[in-house]
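Asker: Before I ask anything, here is the structure I am working with.
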Amino acid sequence: MAIIHLISNLNPNGNTSQLLALLKAGEITEERHIFTFSPILPKFRAELESVFMRGNVQVHELRIHFPTETFWLLRHYFRRLRLHPVVIHVWDERLLQPGYHLAQLFHARTIATLRHWSTEFHFQKRIFSRYDHLVTNSVQLMRKREEEGYRGNWHVIYDTLPDMLETSENMATFPSRETFRTELGLPSESVLAVCVGPVAEWKRWQWAVWTIDSIVRVHPEMHLLFLDPDLENASLRHLDTIGGQEKKQERERRAVGTFIKQYEREALVHFVPYRKDWRRILPLMDYFWNIQTLPGAGLATLEAAAAGVPIISSRAGATEDIFPENSVTLLSESPETTELASKTHCLWINTARSTEQIAIAQEIARKHDNLTKFSLEYKKLYE
């Protein structure tokens, strides 16, 4: 008997983090298999195998060229491995249909965790209602889906912060600001704004570049960092071998790179690839910019809150049931690049306001640092 997890991309992202947290909790005794459909970053694969792959957890990296292949490929692997799934757990919309039909074939229960709002899957309303359990990480997102007609047995399970996230109590083990800036070739007095990947057109990274171009006119010591976990994943970034969503992300990444070169902003904008200690370097940032256009409560925003980094966010990126308005600096409904620059400047000069927001956000983050509660809520759905 096995529990199957279907996840499009197993590289560092919010879905991966929550899946691995669930596995690490060890509350479920059945054999577990993870099927993923994008190339795994070799550095991250090594980390997965050393930490999580303990006998009853196996990772299977598959390749598909057309969406219709997914069901047949998984069906083949299930039978070849003699798997008898009791639960099929899907971690994004792209796998809803094959996950449901496989569950029907093997008489397994179905769970879908949908942490973000997507505009691409309106045709799957019937599939939503057929799942045994639908999980999201925000009441606001659940209500928005229901208003759009996505009915089903919804549950809200808030994200849990990874327990490897470091806090201010053990800052002695962190790299210093000077060391980190020297590593990037930046002056020690540099002020860093950071955006966290993966790259997608709805993350608005070009908007961030326009903003940094505005703010350096007032604060020339500002620099912009993009933490991009797939930056060095050669297999994932080859346009001839990747699927539709990954291809869109790679084109977006290249468009941002071209934009930076055209405007000669290489000295201001820096791409940081995957590194094991990225949660340790997060407290070294001065501002966290979350400027997505599609609704979704991002785990990276919670991690920035826990790290004590002031957050400037679009309203789509900070759902009200998680981040009330006084815990982050929210942009307007239709913000311009100058607004992001202006609100960053206001936090810069108003240290009292910045300190107050950091304290409230850190308290919110502490409420999400509960792996036991998180795993028990999922365990109820598996039973």
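The values are calculated or read from the model by the stated rules, or taken from the named source; none is laboratory data. No experiment lies behind these values; they were computed from the predicted model shown. For neighbour counting, all protein chains shown are included, and Cβ atoms are generated from backbone atoms with ideal geometry for every residue, glycine included. Quick note on the areas: whole protein, heavy atoms, side chains included, nothing else; ligands and nucleic acids left out. Shrake-Rupley method; radii C 1.70, N 1.55, O 1.52, S 1.80 Å.
Residues are listed down the side, and each one gets a yes or a no for (1) open to solvent by 30 Å² or more (accessible area, probe 1.4 Å); (2) modelled with pLDDT of 90 or more:
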residue	(1), (2)
T113	no, yes
W117	no, no
Q124	no, no
F128	no, no
S138	no, yes
L141	no, no
K144	yes, no
D159	no, yes
D163	yes, no
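Asker: Of the residues in the range 340-354, how many are open to solvent by 40 Å² or more (accessible area, probe 1.4 Å) and more than 15 Å from M222 (Cα to Cα)?
Answerer: As a first pass, look at the range 340-354 and keep what is open to solvent by 40 Å² or more (accessible area, probe 1.4 Å): 342-343, 345-346, 348-353.
From what's left, more than 15 Å from M222 (Cα to Cα): 350-353.
Here the count works out to 4.
Asker: Does any residue in the range 294-313 that is touching a residue at least 12 places away in the same chain (Cβ under 8 Å) come within less than 6 Å, Cβ to Cβ, of a residue that is of a type in the set (V, I, T) and assigned to a strand (DSSP E or B) six or more places away or on a different chain, and which pairs are these?
Answerer: Close Cβ pairs (under 6 Å, with a partner that is of a type in the set (V, I, T) and assigned to a strand (DSSP E or B)) amount to A300/V196; A304/I311; I312/T329.
Asker: Also: Could you run through the range 322-339 and say how many residues are open to solvent by 10 Å² or more (accessible area, probe 1.4 Å), of a type in the set (V, I, T) and not in a helix (DSSP H, G or I)?
Answerer: Of the residues in that region, 1 qualify.
Asker: Further question on the same structure: Can we say R151 is assigned to a loop (DSSP other than H, G, I, E, B) and more than 17 Å from F71 (Cα to Cα)? Full working, then the answer.
Answerer: Details: assigned to a loop (DSSP other than H, G, I, E, B): yes; more than 17 Å from F71 (Cα to Cα): yes.
Spelling it out, R151 is indeed assigned to a loop (DSSP other than H, G, I, E, B) and more than 17 Å from F71 (Cα to Cα).
Asker: I would also like to ask the following. Residues that are open to solvent by 20 Å² or more (accessible area, probe 1.4 Å), aliphatic (A, V, I, L, M) and touching a strand residue (DSSP E or B) at 6+ places or on another chain (Cβ under 6 Å): does the range 91-100 have at least one?
Answerer: No.
Asker: Please work out which residue is farthest from S118 (Cα to Cα), limiting yourself to the range 283-293 and to residues that are touching a Phe, Trp or Tyr at 6+ places or on another chain (Cβ under 8 Å) and among the aliphatic types (A, V, I, L, M). Spell out how you get there, then give the answer.
Answerer: Filtering the range 283-293 for residues touching a Phe, Trp or Tyr at 6+ places or on another chain (Cβ under 8 Å) gives 283-284, 291-293.
Subsequent filtering for residues that are among the aliphatic types (A, V, I, L, M) retains 284, 291.
Numbers: L284: 32, I291: 16 Å.
Only one residue fits best here, namely L284.
Asker: Counting only residues that are buried (at least 19 other Cβ atoms within 10 Å of the Cβ) and under 18 Å from L10 (Cβ atoms), which one in the range 243-278 is modelled with the lowest pLDDT?
Answerer: Per the criteria, the residue is E246.
Asker: For the range 315-348, how many residues meet the condition of being small (G, A, S) and under 18 Å from S138 (Cβ atoms)? So that I can check it myself, show each step before the final result.
Answerer: The first filter runs over the range 315-348 and keeps only residues small (G, A, S), leaving 316-318, 327, 332, 334, 341-342.
Now drop any that are not under 18 Å from S138 (Cβ atoms), which leaves 316-318, 327.
Residues that pass the stated criteria total 4.
Asker: Could you grab the pairs with beta carbons closer than 6 Å, sequence gap of 6+ or different chains, first residue in the range 104-126 and at negative phi and polar (S, T, N, Q), second one modelled with pLDDT under 95 and surrounded by fewer than 20 Cβ atoms within 10 Å (Cβ to Cβ)?
Answerer: S118/E93
Asker: Yes or no: the range 63-83 includes at least one residue that is under 25 Å from A300 (Cβ atoms) and of a type outside the set (S, T, N, Q). Outline the logic, then answer.
Answerer: Initial filter on the range 63-83 (under 25 Å from A300 (Cβ atoms)): none.
Among the residues of the range 63-83, not one is under 25 Å from A300 (Cβ atoms) and of a type outside the set (S, T, N, Q), which makes the answer no.
Asker: Under the condition of being in contact with a Ser or Thr (Cβ under 9 Å, 6 or more places away or on another chain) and closer than 20 Å to N15 by Cβ, which residue from the range 49-88 is surrounded by the most Cβ atoms within 10 Å (Cβ to Cβ)?
Answerer: The residue in question is I88.
Asker: Restricting to the range 280-303, name every residue that is among the aliphatic types (A, V, I, L, M), under 11 Å from C195 (Cα atoms) and in a helix (DSSP H, G or I).
Answerer: Within the range 280-303, L282, A300 meet the criteria.
Asker: Being of a type in the set (K, R) and part of a helix (DSSP H, G or I) is the filter; apply it to the range 172-220 and report the residue that is least open to solvent (accessible area, probe 1.4 Å).
Answerer: The first filter runs over the range 172-220 and keeps only residues of a type in the set (K, R), leaving 177, 181, 203-204, 217.
Checking the rest, the ones that are also part of a helix (DSSP H, G or I) come to 177, 181, 203.
Numbers: R177: 87, R181: 0, K203: 31 Å².
Per the stated criteria, the residue is R181.
Asker: Any idea which of A46, A25 is over 28 Å from S129 (Cα atoms), in contact (Cβ under 8 Å) with a residue 60 or more places away in the chain, open to solvent by 20 Å² or more (accessible area, probe 1.4 Å) and aliphatic (A, V, I, L, M)? Spell out how you get there, then give the answer.
Answerer: On the way: A46 fails: in contact (Cβ under 8 Å) with a residue 60 or more places away in the chain.
One residue alone meets the criteria, A25.
Asker: Could you grab me the full set of residues in the range 285-295 that are closer than 20 Å to K343 by Cα and not polar (S, T, N, Q)?
Answerer: From the range 285-295, those closer than 20 Å to K343 by Cα are 285-293; that's our starting set.
Once the filter is applied, which keeps residues that are closer than 20 Å to K343 by Cα and not polar (S, T, N, Q), the range 285-295 yields M285, D286, Y287, F288, W289, I291.
Asker: Take the range 123-139 and flag every residue that is in contact with a helix residue (DSSP H, G or I) (Cβ under 6 Å, 6 or more places away or on another chain) and not in a helix (DSSP H, G or I).
Answerer: Hits for the range 123-139 are H133, T136.
Asker: From T293, T319, grab the single residue that is of a type in the set (V, I, T), farther than 27 Å from R177 by Cα, at pLDDT below 90 and open to solvent by 30 Å² or more (accessible area, probe 1.4 Å).
Answerer: T293 is the lone residue from the list that is of a type in the set (V, I, T), farther than 27 Å from R177 by Cα, at pLDDT below 90 and open to solvent by 30 Å² or more (accessible area, probe 1.4 Å).
Asker: Hey, does the range 39-47 have a residue that's at pLDDT below 90 and in contact with a helix residue (DSSP H, G or I) (Cβ under 6 Å, 6 or more places away or on another chain)?
Answerer: First, the residues of the range 39-47 that are at pLDDT below 90: 39-47.
Pick out the ones that are also in contact with a helix residue (DSSP H, G or I) (Cβ under 6 Å, 6 or more places away or on another chain) and you get none.
No; the residues of the range 39-47 include none that is at pLDDT below 90 and in contact with a helix residue (DSSP H, G or I) (Cβ under 6 Å, 6 or more places away or on another chain).
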